[in-house]
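Read-outs throughout are calculated quantities, based only on the coordinates presented, and are distinct from any laboratory measurement. Just so it is clear, the model here is predicted, and its values are computed rather than measured. Heads up, the Cβs are rebuilt from the backbone with ideal geometry, glycines too, and the neighbour counts pull from every protein chain shown.
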Amino acid sequence: MATTQARGGRPLNILLVRVSSLGDVLHNMPMVADIARHFPDAHIDWVVEEGFVSLVRMNARVRKVIPFALRRWRKSLGKAETRAEIKDFFRTLRQQEYDYVFDTQGLLKTGIIMGAARVAKGGRKVGLANGSEGSGYEGISRIFHHLSVPTDPRTHAVARGRIVAGAALGYAVDTPADFGLPAVPDDTPRPEWMPASYAVFFHGTARDAKKWAPENWIALGRELAPMPVLLPWGSPKEKAEAEHLAASLPNARVLPKLSMADAITVARRADLVVGVDTGLVHIAAAFVRPTVEIYADSPRWKTEGNWSPRIINLGDQGTPPAVADVLAAARSLLG
């Protein structure tokens, strides 16, 4: 059983290493609430890809966010300024001694970060003993561990990190997931393109097989009319797809290119979110917005929102839901 304090009576210093992707970073957040619940004085830091820093900073229980920029660095490793940034990253990483370092991604790159982090006397580096079905887990990451925690290959993405931390810190994971994300204050100004009430369709994703057919989105949008439908996009291809949908939906609006912070705002203020298995849909679910998650070519057990009745999960790998089922779910959430 872990103690509530480190040697000398000081609060525990804990580092989380979960660098990407958007959905995976989000699904790691309930670890923070669990640790803070059992160790209220703990200092919790987090290493994350620079593009997701704004999301992690929304969690008030995280003391320090350490940006990691491998996606950008690998494009310019020959430049002196890039090598200087990498050196600065490792210098920042090693400023603090940690009592526990958790790598819940299980990749060589996250293992290297864990390996470079400093631990206090008696400190432990803890990670996954195995991957889940279909994950990109790299077994070599275990060489950096003091403790490797096994999980069932079909453990939900949110539960995996929670189980790892609970096993190392000596507590049971027995509460609903708490993402630690703040509500939007009522007086927060809205961007000029954001209606007072709207649905958002997160239709885009990098893998075509995970998408829902355009005619389905059009049929759903028409049934929800006159409710405004916002169509975000993240690439030129997704923008073209959004424009195609909007051409058939008089109540739809293609949004401008959004920053990560603005995309999160769209999700957390929506009256209804409908989307495929992608990070921004999971963000809406984490904020407990009325959300319909559509699964077409990914296993539902892995990421479905299962912590609130305001989240409805439909379809599964190889069996996308029908328009009628999504519409019924949307109407039930809209009340």
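Would you mind checking the tilt of helix 323-334 against the longest principal axis of the Cα atoms of the chain, expressed as 0 to 90 degrees and rounded to 10?
Roughly 70 degrees, rounded to the nearest 10.
Can you give the Kirkwood hydrodynamic radius of the stretch 187-247 from its Cα pairs, in Å with one decimal?
12.7 Å
For the chain, what does -39500 (n - 2.57) per DSSP helix run (n ≥ 4), summed and divided by total residues, give at 222 nm, in deg cm²/dmol to the nearest 500?
Working: 13 runs with 117 residues, N = 335.
That calculation yields -10000 deg cm²/dmol at 222 nm.
Please report Rg (one decimal) and Dmax (integer) in Å for the Cα set of the chain.
20.8, 66
Mind pulling the angle between the C-alpha long axis of helix 214-224 and the longest principal axis of the chain? Nearest 10 degrees, somewhere in 0 to 90.
Value to nearest ten degrees: 70.
Could you work out how far the C-alpha centroid of the stretch 204-226 sits from that of the stretch 99-121, in angstrom?
Rounded to whole Å, the Cα centres lie 40 Å apart.
Enumerate the whole-percent occupancy of each 5 Å bin, from 0 to the last occupied one, for all C-alpha pair distances of the stretch 99-191.
Taking all Cα pairs of the stretch 99-191, the binned fractions are 3, 13, 22, 19, 16, 10, 6, 5, 5, 2, 0 percent.
Rounded to a whole number of µm²/s, how large is the Stokes-Einstein D of the stretch 15-103 at 20 °C and 1.002 mPa s, given Rh as the Kirkwood radius over C-alpha pairs? Before the final figure, lay out each step's value.
Numbers: Rh = 13.8 Å.
In µm²/s, the coefficient is 155.
How about the stretch 7-90: which trypsin sites (Lys or Arg not before Pro) there are in a DSSP loop, with at most 13 other Cβ atoms within 10 Å of their Cβ?
Numbers: sites: ARG7, ARG18, ARG37, ARG57, ARG61, ARG63, LYS64, ARG71, ARG72, ARG74, LYS75, LYS79, ARG83, LYS87; in loops: ARG18, ARG57, ARG61, ARG74, LYS75, LYS79.
Answer by residue number: ARG74, LYS75, LYS79.
For the stretch 224-317, what value does the Rg/Rh ratio take when both radii are computed over Cα atoms and Rh is the Kirkwood radius, given to two decimals?
On the way: Rg = 13.3 Å, Rh = 13.9 Å.
My calculation puts Rg/Rh at 0.96.
Please report Rg (one decimal) and Dmax (integer) in Å for the Cα set of the stretch 30-69.
Taking only Cα atoms of the stretch 30-69, I get Rg and Dmax of 10.3, 32 Å.
Taking only Cα atoms, what is the 0 to 90° angle, nearest 10, from helix 157-169's long axis to the longest principal axis of the chain?
Taking Cα atoms only, the helix is inclined about 20 degrees.
With a 10 Å cut-off between alpha carbons and a GNM built on the chain, which of SER148, SER20, SER197 moves the most?
Maximum among the listed residues: SER197.
Can you give me the Cα centroid spacing of the stretch 267-293 and the stretch 131-148 in angstrom?
30 Å
Of the candidates GLU81, GLU49, GLU192, which one comes out as most mobile in a Gaussian network treatment of the chain with C-alpha springs shorter than 10 Å?
GLU192
Could you give the radius of gyration (one decimal) and Dmax (whole number) of the Cα atoms in the stretch 52-154, in Å?
Computed over the Cα atoms of the stretch 52-154, radius of gyration and Dmax are 15.0, 44 Å.
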